[in-house]
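As C-alpha cells, the structure follows; a few thoughts come after it.
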Amino acid sequence: MIPLSYYLVLSAILFTIGVVGVLVRRNAIMIFMAIELMLNAVNLSFVAIGKHLDSLDGQVFVFFVMAVAAAEVAVGLAIIVNLSRNKETINVDEINIMKW
Amino acid sequence: MDLVIPKIDALSLCPELVLSITAMLVLLVTVYLPKGRKDPAAYVGLLGIFIALMSLTLLWGKPRYAFNNMIMVDNFSIFFNMVILVTAALSILMSITYLKEEGMSHGEFYALILFSAVGMMFMTAGANLITIFLGLETMSISLYVLAGFLRDSNRSNESALKYLLLGAFSSAFLLYGIAFIYGATGTTDLKGISEFLSRATYMKDPMLLAGMGLLLVGFGFKIATVPFHMWTPDVYEGAPTSVTAFMSVGVKAAVFAAFVRVFSHALWDLQPDWNQLLWILAVLTMTLGNVIAIAQTNIKRMLAYSSIAHAGYIMMGMIASNELGTSSILFYMLAYAFTNLGAFGVVILFGRKGEGNLDIEDYSGMGFKYPVLGLLMAVFLFSLAGIPPTAGFVGKFYIFSAAVKAGYIWLAIIGVMNSLVSVYYYLRVTVMMYMKDPVKDLEGLHWSPSMIVALIIAVAGTLLIGIFPSPYLDLAKQSVLHLM
C-alpha cells in the first residue's frame, strides 16, 4: 500500500509543472495544455484523498472536473482557432492590442 | 461507501430550472427566426427571467436544503439571485440594438447570458464546494464565449483568449484549494466543514491553511482583487460592452455570494487567519484600482479599474464580518448593479460600431448635445463616486459604518480616502460632458425602446435606493438572518 503522501507529493509536482508551463510557454495551445495538467494534478489528489478517507466525494468530484475540463477545451480551442484566423498567430506575446 | 439517491425537490430549483429551459427555448426559437432579426429570442429570454423572478418570491423566507444538501435555498441566495436576474435582464435589454449595430445579432448571445446566469445562481445557492465549482464553471465558460462574441474583432478575440487562459488558470487554483480542504476536513459540504472545524483542536493544519489560501486566490481572480486583477481591464475593454456590463456586476455578485458562504461560514473558525489577508488585499485593491483609473483614457478601461476598486470596498464588508457587514455587502451589490449597468448602458448608447466613441475625450460637449443622456451619465457617475442622494452613497455609508463598528477604523479611513480619489476620475467625465466643446461630430445617436427601458430601470433603481434606502436595507438584513 502506497501512503497518501506519495500521491499528494506527485500531485503537487504535477501542479507545479503545470503552473510553470503556463508562465513560461508562449504558445496559447501549450498554455492550455499546461492548465489541463494542473487540473489533472488536482484530480489525482482528489482520487487519492477519496480512497484514503474511504469516501466517494473525491471520486465523484473528479468526474465533474473532467466534464468541466472537456467543456473548457471545446470553448478554448474554438477561441484559439478563431483568433488564429483573425491574427494568424497564437503566440501570446503578439496578442497585445490592449495594455496599460 | 454508501450512495444516497437524493430526493428530487424541483421547487427549490424552480428559478434555475425556468432559466435553463428558457435558455434552451431561446436556442430553439432562434433557429426559426430570419437572419439579423433575432429580437424575439431576446424577448423570450426576458420573459423567462421575469418568470424566474416571480418564482423566487415563492421561495422567500423558507430556508431549506435540497438535493442531498448540495443546494441551500435561503434568503441570502434569493437576494443575490434577484440581483443576478435583474443584471441579466438589463444586459439583454441593452444588447438588442447594440448587437444589431455590430452586425452580430444572434440568438445564441441571449442563450449564453441565460446559461451564465444559471451558473451564477448555482454559485449563490451552493451548499457544497462541488456545486460552487460547477456553478463557477458554468458561469465562466459561457462568459468566455460571450467575451469573444464579436468574432471578427481582434479586440474581442484577444479579450476572450485572455479571459479563458487566466480564468481556467484560476479555476485550477480554486480546485486545488478545494482538494486540500477536502483532504483536511474529509468533506466538501460547507456545513460539514464548519462542523469539523468547530470540533477540531489543532487548527494550524498546513493542508487546511494551504487550501484556504488557494481558495482565496481562486475567488480573488474572479472578483479581481489586486494581485490577481491584471486580466480585468483588458477583458473588460475588449469584450462587447453589454457583456462587460453583465460581467462586471453578475460575476461579482455570484462570486461574492460564494466567497461569503465559504469564508464567513464554512471557514469561520479560521477567521483570524484570513481576516488579516483580506485586510491587506482590500486596501491594495481599493487603492490600486482608484489610482490607476485616474490615468485611463478609455471609458471602458476606466470603468474596469473602478470595478476593481469597488470589489475592494465590498471586501470591507467581509472583513467587518458582523451582521451589518454581510447585509451591507448585499445592499452594496444591489446598488452597484443598477449604477454600473446604467453607466455601461450610457456607454453602449453613446458608442459607435467598432471602437467608436469609447474615449473619455469623446464625451466632450455631450451634456449639451444630449441633455437627458448627459444627466443620466452624471447620476450614474455620482452614484459610483458615492455622492448623495444616490444608491452608491448609501451603499458606501453602510459598508464603512460596518467596518467602523467592527473596530476597523483605519480600514474605513483608507476607504473614505479612496472614495475621495475616485471622485476625481468620475467627475472628469462629467466635466468633459458639460464644460468642453465637442471634439467630434456627435450626431447619429439612436434611442431604441429597449435601451430606454433599461436606462429608466437603472436610473430609477439608483435614485430610489439612494433616497429611500430603508426598505432595501431591511431586505438585505432579512437576507442574512437565516444564513446557513
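Summing Lys and Arg as +1 and Asp and Glu as -1 over all other residues whose Cβ lies under 11 Å from the Cβ of residue A:64 gives a net charge of -2.
With the largest listed first and rounded to whole Å, the semi-axes of the equivalent ellipsoid of the range B:11-479 from the Cα gyration tensor are 34, 26, 20.
If the chain linking residue B:68 and residue B:353 were pulled fully straight, counting 0.36 nm for each residue of separation and taking away their Cα-Cα distance, it would gain 97.7 nm.
Taking the Cα centre of the range B:11-479 as the origin, how large is its charge dipole in debye, to the nearest 20, when only Lys and Arg (+1) and Asp and Glu (-1) carry charge on their Cβ atoms?
Working: 26 positive and 25 negative charges, 53 e Å.
Using only the charged Cβ atoms, the result is roughly 260 debye.
Given +1 at the Cβ of Lys and Arg, -1 at the Cβ of Asp and Glu and no other charges, the dipole of the protein assembly as shown around its Cα centre is 480 debye to the nearest 20. Charged side chains reduced to their Cβ positions (Lys and Arg at +1, Asp and Glu at -1) give the range B:1-159 a dipole of some 280 debye around its Cα centre.
Between the helical axis of B:206-223 and the longest alpha-carbon principal axis of chain B there is an angle of about 20 degrees.
Against the longest alpha carbon principal axis of chain B, how many degrees, from 0 to 90 and to the nearest 10, is the axis of helix B:190-199 turned? Approximately 40 degrees, to the nearest ten. Computing FRET efficiency as 1/(1 + (r/R0)^6) for residue B:440 and residue A:74, where r is the C-beta to C-beta distance and R0 is 56 Å, gives about 0.85. Whole angstrom only: what separates the Cα centroid of the range B:11-89 from the Cα centroid of the range B:455-484? Using only Cα atoms, the two centres lie 20 Å from each other.
Once you reduce the range B:125-198 and the range A:5-56 to the center of their Cα atoms, the two points are 15 Å from each other.
Computed over chain B, relative contact order equals 16 percent, with contacts defined as Cα pairs under 8 Å that lie 6+ residues apart.
With labels modelled as points extended 7 Å from the Cα through the Cβ direction, what inter-label distance (nm, one decimal) is found for residue A:10 paired with residue B:154? So the label points at residue A:10 and residue B:154 sit 4.6 nm apart.
Per residue, the convex hull around the alpha carbon atoms of the range B:1-146 comes to 106 Å³.
In the protein assembly as shown, the C-alpha radius of gyration followed by the widest Cα-Cα span (Dmax) gives 22.8, 78 angstrom. On the beta carbon distance between residue B:424 and residue B:54, with R0 = 41 Å, the FRET formula returns roughly 0.45. Note on residue B:431/residue B:24: beta-carbon distance plugged into 1/(1 + (r/R0)^6) with R0 of 56 Å gives a FRET efficiency of 0.75.
Modelled spin-label separation between residue A:88 and residue B:284, with each label point placed 7 Å from Cα along the Cα-to-Cβ direction: 4.1 nm.
Please give the Cα centre distance for the range B:226-261 versus the range A:58-100, rounded to the nearest Å. The distance from the Cα centre of the range B:226-261 to that of the range A:58-100 comes to 18 Å. Structural descriptor for the range B:355-484: relative contact order 39 percent, calculated from alpha carbon pairs under 8 angstrom and at least 6 residues apart. Normalising the Debye intensity of the range A:4-87 to I(0), with uniform scatterers on Cα atoms only, and taking log10 at q = 0.13, 0.25 Å⁻¹ returns -0.48, -1.13. Estimated at 0.36 nm per residue, the fully extended path between residue B:47 and residue B:35 surpasses their Cα-Cα distance by 2.1 nm. For chain A, the longest piece that avoids every one of the trypsin sites (Lys or Arg not before Pro) found in DSSP loops with at most 12 other C-beta atoms within 10 Å covers A:27-98. The long axis of helix B:107-125 is offset from the longest Cα principal axis of chain B by roughly 30 degrees. With 26 Å as the limit, the listed pairs B:252/B:300; A:51/B:252; B:35/B:162; A:51/B:191; B:222/B:396; B:191/B:405 have A:51/B:252; B:35/B:162; B:191/B:405 beyond it between alpha carbons.
Among the trypsin sites (Lys or Arg not before Pro) within the range B:321-417, those in coil by DSSP and having at most 12 neighbouring Cβ atoms inside 10 Å are B:353.
Scanning residues 5 or more positions from residue B:128 or on other chains, those with amide H under 5 Å from its amide H are B:190, with H placed 1.01 Å from N in the peptide plane.
With each label modelled as a point 7 angstrom along the Cα→C-beta vector, the residue B:17-residue A:53 pair spans 3.0 nm.
The overall shape of the range B:389-484, judged from the alpha-carbon gyration tensor, is oblate: a/c is not under 1.5, and a/b is no greater than b/c.
Values quoted throughout were computed directly from the atomic coordinates according to the rules given, and no laboratory measurement underlies them. What you see is a predicted model; the values in this text were computed from it and never measured. Cβ sites come from the backbone with ideal geometry, for glycine too, and all protein chains shown count toward neighbours.
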